[in-house]
Structures are given as C-alpha cells and as structure tokens.
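In what follows, a single structure is set out as structure tokens and then discussed.
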Amino acid sequence: MGQPIGIMDSGVGGLTVVKEVMRQLPNEEVIYIGDTARCPYGPRPVDEVRAYTWQMTRFLLEKNVKMLVIACNTATAVTLTEIRSALKIPVLGVIHPGARSAIKHTRTGKIGVIGTEGTIKSEAYKKALKSINQLVDVQGLACPRFVPLVESGEFRGPFAERIVEQELATFKNAYIDTLILGCTHYPLLEETISQYLGPEVQIISSGEETAREMSTILFFQDLLNSSSFEPNHQFFTTGSSKLFSQIASQWLELDSIQTESISLERY
Ligand code: DGL
C-alpha cells in the first residue's frame, strides 16, 4: 500500500469529504482525525483554532501522509495559507472547491452561505466567490446549532427539522437559487435543509468538488495509489470512539468502523 491521505476536522463533519474520497478515489487510504473533544471550533477565537489545527496536522504528518485535507471550513479560513506554505506535501481546504461548485450551479447569481460563526465572520466564502465573479450577490448566515445537533447523532427526525426551520427562516424567501453548506457537518442535514427550502434552491456541499481537486493533484503529482490492496482506513477521535464509530458507520454506510480515541496534547 502507498502512503495515506490525511483528513482532519473538528469532529465528524470531515466524514462528508471522506465519503466522496471513498467514491472518487477508491484505491486511496485515509487517515482521519476528528477533534471531537474540542468541537465546535466555530465559536472559538482564531488563535485557538490555529493551535488545534496545527496539532492535528502534526499528528497526521507523523502518520506519513502524502496529502493533507483540512476538511473543516472554520480551520480552512484560519490556517490554510500558513499550513500550505509551511509543508512540502499538497494541502487542500474546502472553501474554494465549494465556491467553485456554487459558481458553476447558480443561474441568478444569488448565493446563500451557511456556516459556523467563525467561517461567516471571516467572509472567506464571500471573498472566494467574488474572486471568481465580482457580480454575485452573497448572503451569509451562521447556524451555530447545527454542529452540536450533528455531533449528537440526532441529524434526522422531527427535532432536526425544527432546528433547521428556526435557523434558516431568513433564507426561506430570500430568493437565493444556490445555498452553500459552508460547514462540513451540514451535509448530514442536507435532506432536511433541502426539504425546508424547496427544490428551487440548489444545495452545494464542498465534499464532491474537494475530492475531484484531490484526484487532479494526486494525478499531476504522480501520487495516485496504484496498489490493488483494499485500503485500510483509520479513524481517530479525541472524544468518544463509540459515538464517532456509530455516526461514521451510518454516514459512510459501512458495517462497522473501528475508531481509536487519542489525545492531541503532545502534538
Ligand atoms: N466542520 C467544521 C466546519 O466545516 C467545524 C464545525 C465546528 O467545529 O464548529 O466548519
């Protein structure tokens, strides 16, 4: 087996990127770290998000990864540029892929973005979208109740529907035609969000586009794994391995997933 790809998030959200990697890059082996014990990152000060993201980075580098994916919008907004310039391996975030995908899909140019407080405050999506097309109209909204909902495993059912309705009320008649799920946790709520906003709003999650970008970079840098062995993905969390495994198996549609609980303190 060749070298693995390292994927990180503050919790289970980055699994939405892992799912796409497993679909688009089935030969690649993934090492995933979710910092569940310190999730959510969204309301945390920038310096804390930076320090925690570096800890996850050092943990993954120790596993000899050939590529690093910051599958967390909050961490991407704060750290992508500095981590990318500090490392020799390719480092990808999730904001530009999501922005590109939204630009591709919008017809009216009215784009909504939902994310954590940190991501919305950073205006990273607005900047990314406007860097491609100055004329788009971007409306951002922080949805701080979504991440705890997903991390608790309660992302389907009437309770989730109620929270989605309350958080997204301002988007109900906002005439956006495209909504970016600017947090990797949110695709787990996609069905509920789409039902509430109706079929005229196209929902964009960055996982698909991120995996496509990974595929292109691996190809051009001659890093694709050519071995025919079944990849042995490894999952690590700083929180409860039981809850993590339960959500991961459900989301990735795998019978069972082994997750190891670890501490990031020494990194
Ligand atoms: N999944 C993360 C994101 O994409 C962060 C959620 C959080 O920890 O607040 O922003």
Given the conditions (1) closer than 25 Å to A248 by Cβ; (2) more than 16 Å from the ligand (Cβ to nearest atom); (3) β-branched (V, I, T), and given that T170 satisfies all but one, which numbered condition is not satisfied? (1)
Listed by range, strands (runs of 3 or more DSSP E) wholly within segment 188-267 having at least 2 residues that are surrounded by fewer than 16 Cβ atoms within 10 Å (Cβ to Cβ) and not aliphatic (A, V, I, L, M) are 259-261
Regarding L129, is this residue more than 16 Å from the ligand (Cβ to nearest atom), crowded, with 24+ Cβ neighbours inside 10 Å and not in a loop (DSSP other than H, G, I, E, B)? yes
Is there a residue in segment 74-81 that is aliphatic (A, V, I, L, M), closer than 14 Å to M8 by Cα and away from the ligand (no atom under 16 Å from the Cβ)? no
Exactly one of I180, I176 is in contact (Cβ under 8 Å) with a residue 60 or more places away in the chain, away from the ligand (no atom under 16 Å from the Cβ) and touching a strand residue (DSSP E or B) at 6+ places or on another chain (Cβ under 7 Å), and that one is I176
Residue, farthest from Q246 (Cα to Cα), within segment 33-72, restricted to residues that are within 12 Å of the ligand (Cβ to nearest atom) and charged (D, E, K, R): E48
Which of the numbered conditions does I95 fail, given that it passes all the others? Conditions: (1) under 24 Å from T36 (Cα atoms); (2) in contact (Cβ under 8 Å) with a residue 60 or more places away in the chain; (3) more than 16 Å from the ligand (Cβ to nearest atom). (3)
What is the residue count in segment 177-187 for residues that are of a type in the set (V, I, T) and not in a loop (DSSP other than H, G, I, E, B)? 2
What are the residue pairs meeting all of these: first residue in segment 23-52, first residue touching a residue at least 24 places away in the same chain (Cβ under 8 Å), second residue near the ligand (Cβ under 9 Å from one of its atoms) and of a type in the set (D, E), Cβ atoms under 7 Å, and 6 or more apart or on different chains? G34/D9; T36/E151; C39/E151; G42/E117; P43/E117; Y52/D35
Which of the residues belonging to segment 118-161 are touching a helix residue (DSSP H, G or I) at 6+ places or on another chain (Cβ under 8 Å), in contact (Cβ under 8 Å) with a residue 40 or more places away in the chain and aliphatic (A, V, I, L, M)? A124, A142, L149, V150
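The numbers here are math on the coordinates, done by the rules we state, and not lab data. All values reported here derive from a predicted model rather than from experimental measurement. Because the Cβ atoms are built from the backbone with ideal geometry, glycine has one as well, and the counts that use them run over all protein chains shown.
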